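Peer 1: Here you go, one structure.
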Amino acid sequence: MINITLPDGSRRPFEHPVTVAEVAASIGAGLAKAALGGKVDGKLVDASFRIENDASLEIVTDKHPDALDVLRHSTAHLLAQAVQRLFPGAQVTIGPVIDNGFYYDFAYERPFTPEDLPAIEAEMQKIVKEALPVTRSVKSRDEAVAFFKGLGEHYKAEIIESIPANEDLSLYTQGEFTDLCRGPHVPGTDKLRAFKLMKVAGAYWRGDSNNQMLSRIYGTAWLNDKDLKAYLTQLEEAEKRDHRKIARQLDLFHIQEEAPGLVFWHPKGWQLWQVVEQYMRRVYRASGYQEVRCPQILDVSLWKKSGHWDNYKENMFFTESEKRTYALKPMNCPGHVQVFNQGLHSYRDLPIRYGEFGACHRNEPSGALHGILRVRGFTQDDGHVFCTEDQIESEVTAFHRQALRVYADFGFSDVQIKIALRPDNRLGDDATWDKAENALRAALSACGVAWEELPGEGAFYGPKIEYHLKDAIGRTWQLGTMQVDFMMPGRLGAEYVDESSTKRHPVMLHRAIVGSMERFIGILVENHAGAFPAWLAPVQAVVMNITDAQADWAETVRKTLVNQGFRVQSDLRNEKIGYKIREHTLQKVPYLLVVGDREKENGMIAVRTRSGEDLGTLSVEDFLAKLREENGPVA
C-alpha cells in the first residue's frame, strides 16, 4: 500500500506504484487533463514519474508557480525539433530556460537569420497540433554518447563525455526528436500553445571565442495567449522607453567606443543627476550620516586584507606606479573602515554612520554592458554604519523605513523585499552567517513586512536585504541593499572600546538606497518615459515669447524663477510660437510659459503643460507657488 499526501493534507491510498498522472486521474478527469507534471516530496517531476513509496504530491497545472519553467523548458525542445525538421544536419547543443523564455544554440552550415524565424515558428505550431507524446528514457553515459554520435550530434556527445562515467542520464523523446535533458517536461506537445521566437544571435561553443560560432535562437513562452500578448506589449512599451533612445532625444548623456561602460553626461543629464544627488544628500543629513570622501585607488595589500583579492579580483581594474600595484576601487567599504580607524572610539560613540557618493569601477564583460544600466564606472549613494550587535535591528529598521520613503518620492510604491543568503564562496563560519542572517530576519519582522529568501545570492562577506521595485510597465528592478558584515571590520582592524574597557570589532552595515546612480537614473528615465515630474525634471519650465517685443519680459520671468531656485530656460528665437511649443513638448518640459503683449502689459504668463492642458494666465508669484508645491521632495 502506498499513501499519497496531497497539499490539503488528505491522503490517497494505492495498491501499487502509481504515476503522477494516475494520481491526477483518480482525483478527476479535469485535473488529469490539466496536469503538466508533479512535485513529489518537493522535487519537480514529469507526469509519468512513478511513485514507489509514501510521498507528498502536488499536481503541477498552469496555476502552479513551477508551471512556467516546465512549459519553457519543453518549448525549447519544440524549437529544436522544428529546426531539425526544416534544416536537416543542424546540430543541437544547449537550450536552457532564461528569464521570460528560453534559447537554444545550433551548429549549422550557415548562421540562422531573423528571416528564418517565421518558418521555424510555423513548424513549431505544426508540431503542437500533432500532439506528440513526450517520453523519458534513461541511458548510461557511454550509451548516451554512442546514441548521439550515431545521430551526428557531436556537440551533444562532447557534453555527455564530460559527465562522470557512473552517472545515468535522462533523455526525452517527442516524435523523431530526442535530446539529453534533466526535465521535467510536459506530457505532450499539445500543452505548448503560447510562444513566440524573438531574435537570433551568435554564441561561441561553450562561451570560448576560440571555438566555433553557433546560432542562438531566443524565444518566449507563457501559460496562455493573454499572458504572451501582455509580455509582447510590455516589450513594445519598453522599447519606446529605452533610456538610451530617450537620452538622445532629451540630450542627457552618451557613451562612446573610446570609453566602454563609462558615461559622458551632458548639461541636462548632469542636472538630473544633481537633483537626485542633492535629494539623497538631504536624506544622509536627516538620517545622521556624516559625508566622507575616500581615494579612488588603494594598494592591493588593503584589498587582500578585506577579502576582495581572493573573492572579487577578476572584477577589478589594476594599475602600477613605482613598483607598487594598486586597485581602482570596486567598492567604498574598505575606505570607510580606514576613516573609522583614525582615532579611538567608545561604545558611546556608536553607531557611527558614514555616507559617500563614491565613484567605483568594476571590470564588467563588454557583452554585459547596457547603456547606463550596466556600466564599468559608476557612483553609489553608499553608506556604512559601524555599530554594536545590539544596534543592528534598530539601524536596519530605520534604514528600511527611510528607503521606502525615498522610493515613494521617486514614484515607486510597489516594492518587494528579499534576503540574499550565504553564497558558496564566502568568508567566515556558519555560526557567524547564522547570526547575520537572523539579524536581518529579525529587523524585517520588526517592520512587519513579508520577504522572500534567495539562497546563495549574498555577498562574500555577508547576507543582504534587497529592495526590488516595480516600474510603470510592470518590470522589476533591484535597487537598494542593506548588508550585515561581521567580517571586514576584523580583517581591517576596526575596533571600539566596550563598557568593560575591552576592545571589540564593530558590526559593519553596508547600505545603499538607489545603489548605482547611473543605473537608478536609467531606471527613472524608463519609468517616467522621460516625462519627469516637475521636481525631478532637468528643465522645469521654458519661457517663450511670441514676438521680439516681449523678449525683455520673458527674460525677467526666467530670471525671477531661476533666482528662486528653479530650473528654467527661455526660448527667444524668432520662430512661430506653435513651433516652440511643439519642440519643448517633445523635450518633455513640464511647463511651457508663453508671453505675448497682453501678458507683458499685465505682468502675467500663460501657462500650459506638456500634455497640452491650458492652465490659463497666472501671475509669476502664483506660478512660483505652484512650482513650490510640486517641489515637495526637494523643499
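Peer 1: Using the alpha-carbon atoms, what tilt in degrees (0 to 90, nearest 10) does helix 141-150 show relative to the longest principal axis of the chain?
Peer 2: Computed tilt is about 90 degrees.
Peer 1: Going by Cα centres, the stretch 321-392 and the stretch 578-635 are how many Å apart?
Peer 2: That distance is 43 Å.
Peer 1: Please compute the Kirkwood hydrodynamic radius of the stretch 66-239 from all pairs of different C-alpha atoms, in Å with one decimal.
Peer 2: Evaluated on the stretch 66-239, it is 16.6 Å.
Peer 1: Here's a follow-up. About its Cα centre, what dipole magnitude does the stretch 541-630 give when the only charges are +1 on Lys and Arg Cβ and -1 on Asp and Glu Cβ, stated in debye to the nearest 20?
Peer 2: Charge dipole of the stretch 541-630: 340 debye, to the nearest 20.
Peer 1: May I ask for the distance between the Cα centers of the stretch 515-539 and the stretch 272-288, given as a whole number of Å?
Peer 2: Spelled out, the Cα-based centre of one part sits 15 Å from the other.
Peer 1: In addition: Per 10 Å bin, what is the whole-percent P(r) computed from every C-alpha pair distance within the chain?
Peer 2: Going from the shortest bin to the longest, the percentages are 3, 12, 18, 20, 20, 15, 8, 3, 1, 0.
Peer 1: Also, I was wondering about something else. Order of 482, 331 from fewest to most other C-beta atoms within 10 Å?
Peer 2: 331, 482
Peer 1: Just to confirm a number: summing +1 for Lys and Arg and -1 for Asp and Glu over residues other than residue 428 whose beta-carbon lies under 14 angstrom from that of residue 428, what do you get?
Peer 2: Combined, the nearby Lys, Arg, Asp and Glu give -3.
Peer 1: Can you classify the stretch 455-606 as rounded, prolate or oblate using the Cα gyration tensor, where a ≥ b ≥ c are the square roots of its eigenvalues, rounded means a/c under 1.5, and otherwise it's prolate if a/b beats b/c and oblate if not? Working shown, then result.
Peer 2: Values: a/c = 5.47, a/b = 2.62, b/c = 2.09.
Judged from the Cα gyration tensor, the stretch 455-606 comes out prolate (a/c at least 1.5, a/b above b/c).
Peer 1: Using a cut-off of under 17 Å, list every residue of the stretch 478-510 whose amide N is near the label point 7 Å from the Cα of residue 349 along the Cα-to-beta-carbon line.
Peer 2: The answer is 489-490, 492-509.
Peer 1: Now a separate question. If the cut-off is a Cα-Cα distance under 27 Å, which lysines reach residue 191, setting aside same-chain residues fewer than 8 apart in sequence?
Peer 2: Hits, sequence-local ones excluded: 33, 39, 43, 63, 126, 129, 139, 156, 199, 226, 229.
Peer 1: Further question on the same structure: Report the calculated FRET efficiency for residue 551 and residue 237 (r = Cβ-Cβ distance, R0 = 35 Å), to the nearest 0.05.
Peer 2: Efficiency, from the Cβ-Cβ distance: 0.30.
Peer 1: So how tilted is helix 67-86 from the main axis of the chain? Cα-based, degrees 0 to 90, rounded to 10.
Peer 2: With both axes taken from Cα atoms, the answer is about 70 degrees.
Peer 1: What FRET efficiency comes out for residue 576 versus residue 338 if R0 is 51 angstrom and r is the Cβ-Cβ distance? Round to the nearest 0.05.
Peer 2: Working: r = 61 Å, r/R0 = 1.19.
Computed FRET efficiency for residue 576 and residue 338: 0.25.
Peer 1: Against the longest alpha carbon principal axis of the chain, how many degrees, from 0 to 90 and to the nearest 10, is the axis of helix 267-286 turned?
Peer 2: The two axes meet at around 90 degrees.
Peer 1: Work out the length of the dipole vector of the chain about its Cα centre, built from +1 on the beta-carbon of each Lys and Arg and -1 on the beta-carbon of each Asp and Glu, and round it to the nearest 20 debye. Display every interim value, and only then the final one.
Peer 2: Values: 76 positive and 88 negative charges, 194 e Å.
Charge dipole of the chain: 940 debye, to the nearest 20.
Peer 1: So, R0 is 25 Å and r is the distance between the beta-carbons of residue 266 and residue 624; what FRET efficiency does that work out to, to 0.05? Numbers along the way, then the final one.
Peer 2: Values: r = 28 Å, r/R0 = 1.10.
E(calc), rounded to 0.05, equals 0.35.
Peer 1: With point charges of +1 on the Cβ of Lys and Arg and -1 on the Cβ of Asp and Glu, referenced to the Cα centre of the stretch 448-548, which listed residue (493, 509, 533) lies farthest in the positive direction of the dipole?
Peer 2: 493
Peer 1: Once both labels are modelled 7 Å past Cα along the beta-carbon direction, what's the residue 131-residue 425 spacing in nm?
Peer 2: Once both label points are built, they end up 5.0 nm from each other.
Peer 1: Now for a different question. Give the share of C-alpha pairs in each 5 angstrom bin for the stretch 541-630, from 0 to the last occupied bin, in whole percents, shortest bins first.
Peer 2: 3, 16, 29, 29, 19, 5, 0
Peer 1: Need the list of lysines near residue 626 for cross-linking: C-alpha distance under 19 angstrom, and skip anything on the same chain fewer than eight residues off.
Peer 2: Answer for residue 626, where 19 Å is the Cα cut-off: 559, 588, listed by chain and number.
Peer 1: Let me ask something else. What's the magnitude of the charge dipole for the stretch 2-61 around its Cα centre, counting Lys and Arg as +1 and Asp and Glu as -1 at the beta-carbon? Answer in Debye, nearest 20.
Peer 2: 140
Peer 1: Then there is this: Determine the distance separating the Cα centre of the stretch 193-222 from the Cα centre of the stretch 463-483; give it in Å without decimals.
Peer 2: Cα centres, the stretch 193-222 to the stretch 463-483: 28 Å.
Peer 1: Sort 113, 388 so the one with the fewest other Cβ atoms within 10 Å of its own Cβ comes first.
Peer 2: 113, 388
Peer 1: Related question: Label the stretch 296-378 by shape, choosing from rounded, prolate and oblate, from the square roots a ≥ b ≥ c of the eigenvalues of the Cα gyration tensor; if a/c is under 1.5 it is rounded, and otherwise prolate applies when a/b is larger than b/c, oblate when it is not.
Peer 2: Verdict is oblate for the stretch 296-378.
Peer 1: I need the shape label for the stretch 422-489. Rule: rounded when a/c is under 1.5, else prolate if a/b > b/c, else oblate, with a, b, c from the alpha carbon gyration tensor.
Peer 2: Because a/c hits 1.5 or more and a/b exceeds b/c, the stretch 422-489 counts as prolate.
Peer 1: Measure off 7 Å from each Cα along the Cα-to-Cβ vector at residue 293 and residue 257, then give the distance between these two points in nanometres to one decimal.
Peer 2: Result: 3.6 nm between the two label points.
Bear in mind these aren't lab numbers, they're just calculated from the coordinates by the rules spelled out. Predicted model, so just to flag it, every value in this text is computed and none were measured. Don't worry about glycine lacking a Cβ; one is built from the backbone with ideal geometry, like all the others, and counts go over all protein chains shown.
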